[in-house]
Amino acid sequence: MKMTFRWYGKGNDQISLADIRQIPGVTGIVWALHDKMPGEIWEVSEIAAVKKQLDEYGFHMDVVESVNVHDDIKIGLPSRDRYIENYKQTLRNLAPFGVKVVTYNFMPIFDWTRTDLFHPVGDGSTALYYEKEKIQQDYKEMAHYILENLHGLTFPGWEPERMAKLDELFEKYRPVTKEKLWENLKYFLDALMPTCHETGIRMAIHMDDPPWDIFGIPRLLVDKASIHRFLKMVDDPYNCLCLCSGSLGADPANDVPDIIRSCYQRIAFAHIRNVKHFPNGDFSEASHRDCDGDTGILEIMRAYHDCGFEGYIRPDHGRHLWGEGPGTVRPGYGLYDRALGIMYMWGCWDMLEREAGKG
Ligand code: CS2
Ligand code: MN
């Protein structure tokens, strides 16, 4: 596996590349142009500027997360073709810089959704938390809460410009049933596949988070059956997954190691995150240590190892530790817990390698 770390860019992330370089085994940065609105072309000069920064520290830029998909593509409006052309141009601009995987999601309106960004874990640290009761009708209240608590930090999928027009967005998505959304996803991918073959870039869809419909809007990539439907729908080796253990793991019915074993050839990118469930349907994010949550991190690492996984991997969200808190940290993306997560993942991996006679 190729260990990576997500970084929000110079001047936009409190963590420096110099800090990241001190985490053992990290060879690449998962990056994006975070000031781009969905649908805009990523220009060569802008990509080159990031490449220069990463080169200074010897990091590769193979994985982009995310090139966000314009709402018109998800809704299936006639204007989608223009945005798809822009997306293709972005892929063509990225490829010469060595980019091999582009992550995206196809969640309508919201990216991941939580009700508390700094929920006490009980040991003095805080983590992202989902309270089922609170995700009912008032989407504006939830969006307002998230934007407030980002303290001006940008977050992909939570662009204030889009969030300011929530009622309008909900109205536009009204005719988009779950089946329609599947069709629109297929249309998008069918259009992109030739460019993926031409550029050598694999598209890796992120799982929906949480993996169920929220506020009456459909979500697609939620379990084993929907993942296999997706892979079959566009049966192309460039149509891949960003398999997020935490997103899937939010539903206790999902057996994440089993899902990994069933589709590992198409997993281009692995997100490792641990989630703890409560009987009332709430969940909290947890440290990567297996026993701190219910996702089964040990068996997930074993599944990847058994499958001979050679793709990219990263710790997903972490808790906020040692002075990280509101205003000083991008929720879920502090330095320390993600670094601890990496060491846990390496611990599992190195032991598995040794047991297989390779380490
Ligand atoms: C990420 C997602 O922070 C996270 O939960 O895993 O936001 C992910 O980057 C996007 O859904 C991918 O487009
Ligand atoms: Mn993820």
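The values are calculated or read from the model by the stated rules, or taken from the named source; none is laboratory data. Every value quoted in this text rests on a predicted model; they were computed, and no experiment measured them. We place every Cβ from the backbone using ideal geometry, glycine too, and count neighbours over all the protein chains shown.
Those residues that are touching a Lys or Arg at 6+ places or on another chain (Cβ under 7 Å), in contact (Cβ under 8 Å) with a residue 60 or more places away in the chain and within 16 Å of ligand 1 (Cβ to nearest atom), I need them from region 105-125; list them, please.
Matches in region 105-125: Phe106, Met107, Pro108.
Of the conditions (1) at pLDDT 95 or above; (2) away from ligand 1 (no atom under 16 Å from the Cβ), Cys240 fails just one. Which one is it?
Among (1) at pLDDT 95 or above; (2) away from ligand 1 (no atom under 16 Å from the Cβ), Cys240 violates only (2).
Would you confirm, using the coordinates I've provided, whether Tyr139 is farther than 30 Å from Arg266 by Cβ, among the aromatic types (Phe, Trp, Tyr) and either within 16 Å of ligand 1 (Cβ to nearest atom) or exposed (fewer than 13 other Cβ atoms within 10 Å of the Cβ) (or both)?
When the stated conditions are applied, Tyr139 does not pass them.
How many residues are surrounded by 14 or more Cβ atoms within 10 Å (Cβ to Cβ) and among the hydroxyl-bearing types (Ser, Thr, Tyr) when one looks only at region 38-78?
Residues that pass the stated criteria total 1.
Tally up the residues in region 95-105 that are within 14 Å of ligand 2 (Cβ to nearest atom) and not in a strand (DSSP E or B), please.
Residues that pass the stated criteria total 1.
Any chance you could count how many residues in region 267-288 are of a type in the set (S, T, N, Q), in contact (Cβ under 8 Å) with a residue 60 or more places away in the chain and within 20 Å of Ile205 (Cα to Cα)?
Qualifying residue count, region 267-288: 0.
Consider region 251-269. How many of its residues are buried (at least 24 other Cβ atoms within 10 Å of the Cβ) and either within 11 Å of ligand 1 (Cβ to nearest atom) or of a type in the set (Asp, Glu) (or both)?
Here the count works out to 1.
Here's a check for you: in region 302-359, which residue that is of a type in the set (Ser, Thr, Tyr) and either within 16 Å of ligand 1 (Cβ to nearest atom) or in a loop (DSSP other than H, G, I, E, B) (or both) is nearest to Val101 (Cα to Cα)?
Filtering first and then ranking leaves Tyr312.
On the basis of being within 27 Å of Phe278 (Cβ to Cβ), basic (Lys, Arg) and not in a strand (DSSP E or B), does Arg114 make the cut?
Considered against the rule, which asks whether it is within 27 Å of Phe278 (Cβ to Cβ), basic (Lys, Arg) and not in a strand (DSSP E or B), Arg114 comes out as yes.
Would you be able to say whether some residue in region 302-324 is in contact (Cβ under 8 Å) with a residue 60 or more places away in the chain, β-branched (Val, Ile, Thr) and closer than 22 Å to Ile260 by Cα?
yes
Looking only at residues in region 194-217 that are crowded, with 16+ Cβ neighbours inside 10 Å and more than 16 Å from ligand 1 (Cβ to nearest atom), which one is farthest from Lys88 (Cα to Cα)?
Taking the candidates together, the pick is Phe215.
Report, by residue number, each residue of region 45-68 that is within 21 Å of Arg314 (Cα to Cα), in a helix (DSSP H, G or I) and in contact (Cβ under 8 Å) with a residue 40 or more places away in the chain.
Those that are within 21 Å of Arg314 (Cα to Cα), in a helix (DSSP H, G or I) and in contact (Cβ under 8 Å) with a residue 40 or more places away in the chain: Val50, Lys51, Gln53.
Scanning for something in contact (Cβ under 8 Å) with a residue 60 or more places away in the chain, within 14 Å of ligand 2 (Cβ to nearest atom) and in contact with a strand residue (DSSP E or B) (Cβ under 7 Å, 6 or more places away or on another chain), does region 289-301 turn up at least one residue?
Within region 289-301, none of the residues are in contact (Cβ under 8 Å) with a residue 60 or more places away in the chain, within 14 Å of ligand 2 (Cβ to nearest atom) and in contact with a strand residue (DSSP E or B) (Cβ under 7 Å, 6 or more places away or on another chain).
Suppose we keep only residues that are at pLDDT 95 or above, hydrophobic (A, V, I, L, M, F, W, C) and farther than 14 Å from Arg314 by Cα within region 17-44. Which one would you say is nearest to ligand 1 (Cβ to nearest atom)?
Here the residue is Ala32.
Could you check Val63 against (1) over 16 Å from the mean Cα position of the chain (by Cα); (2) closer than 30 Å to Lys178 by Cα and say which number it fails?
(1)
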